[in-house]
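Comments concern the structure below.
The values are calculated or read from the model by the stated rules, or taken from the named source; none is laboratory data. No experiment lies behind these values; they were computed from the predicted model shown. Here the Cβ positions follow ideal geometry from the backbone for every residue, glycine too, while neighbour counts run over all protein chains shown.
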Amino acid sequence: MAIKNYLSTQQRVAKILLDIKAVTISPKKPYIFTSGIVSPIYTDNRLLMGHPLKRKEIILYIAYLLKEKGIDPEVIAGTSTAGIAPAAFLSELLVLPMVYVRGEKKAHGKGKQVEGIMEKGSEVLLVEDLISTGKSSLAAIDAIRSEGGKCNTCVAFIDYGLKDTAKKYKDLKVDLFTLTTFEVLVEMAEKLNLIAHKEKAVVLEWNKDPWGWGKKAHVAKEKEQSTDY
């Protein structure tokens, strides 16, 4: 099916990530996250590094979003490891200092968790590639704040829109902005014939109950494989 030229930014970002297989959707052979969640969708936005023109387009979308929302950071921060590359590309475009945040403090040297130059009181924008449970970016925000930075805004490529995730950012008084959403990704995947209409419904069900979806999928698979003679 041909895709019309006038796509929204959310649709365009979704199409780029699906085209380069940074996002793959596989309801029949789901993936397992480190959190233990069984998922029909998997994202590896590091693949964007290998596509210079497409990564530039996405970074420009982030810059436009910042301008539209009136966000004027003094430092760009990236989560380790997936957020480091987009943070670097964005900081280069905006001509701003960049830091990256380790998953935990170093056990040697100065024991830092935020690497780079970040003056106390600096307005820091955190760049993340994906928001699912929010665990990594929220931990990074806490680390930035504990080292004196003001981090009240996070920008990501994708938000899976999982239950209670948005509340976690609100509770920490962090504004979360994303370029595209789970629903838009799934809609675009269907338009590109990457999933069938029936599969789309199955994938959307995951979004409502990510922890329980895997159990339901396993039961459904067992029923499908069993045959009464």
ask   = Can you tell me which residues in the stretch 1-36 are buried (at least 19 other Cβ atoms within 10 Å of the Cβ) and over 17 Å from residue 157 (Cα atoms)?
value = 27, 30
key: Tabulated pairs, the stretch 59-87, first within 14 Å of residue 125 (Cα to Cα) and among the charged types (D, E, K, R), second at pLDDT 95 or above and outside any helix (DSSP H, G or I), C-beta under 6 angstrom, 6+ apart or interchain   = 74/122; 74/123
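Rundown of residues vs (1) without any contact (Cβ under 8 Å) to a residue 12 or more places away in the chain; (2) among the hydroxyl-bearing types (Ser, Thr, Tyr); (3) part of a strand (DSSP E or B), yes/no style:
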position: 145; (1), (2), (3): yes, no, no
position: 153; (1), (2), (3): no, yes, yes
position: 169; (1), (2), (3): no, yes, no
position: 194; (1), (2), (3): no, no, no
query = Of all the strands (runs of 3 or more DSSP E) wholly in the stretch 17-104, which have at least 3 residues that are of a type outside the set (Ser, Thr, Tyr), within 24 Å of residue 149 (Cβ to Cβ) and in contact with a strand residue (DSSP E or B) (Cβ under 8 Å, 6 or more places away or on another chain)?
reply = 75-79, 98-101
Residue count for the stretch 141-168, restricted to those that are touching a strand residue (DSSP E or B) at 6+ places or on another chain (Cβ under 8 Å) and either modelled with pLDDT of 95 or more or under 15 Å from residue 74 (Cβ atoms) (or both) = 15
key: Of all residues making up the stretch 172-183, the number that are assigned to a helix (DSSP H, G or I) and surrounded by fewer than 19 Cβ atoms within 10 Å (Cβ to Cβ)   = 1
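So which residues in the stretch 1-36 are among the β-branched types (Val, Ile, Thr) and under 16 Å from the mean Cα position of the chain (by Cα)?
9, 13, 16, 20, 23, 24, 25, 34
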remark   = Subset of the stretch 190-218, residues closer than 26 Å to residue 154 by Cα and either of a type outside the set (A, V, I, L, M, F, W, C) or modelled with pLDDT of 95 or more (or both), comes to 207, 208, 209, 210
request  = Could you tell me whether any residue of the stretch 66-77 is touching a Cys at 6+ places or on another chain (Cβ under 8 Å), surrounded by 15 or more Cβ atoms within 10 Å (Cβ to Cβ) and at pLDDT 95 or above?
outcome  = yes
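Under the condition of being over 22 Å from the mean Cα position of the chain (by Cα) and charged (D, E, K, R), which residue from the stretch 110-138 is nearest to residue 84 (Cα to Cα)?
Result: 112.
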ask   = Does at least one position in the stretch 108-126 carry a residue that is within 24 Å of residue 64 (Cα to Cα), crowded, with 21+ Cβ neighbours inside 10 Å and touching a residue at least 60 places away in the same chain (Cβ under 8 Å)?
value = no
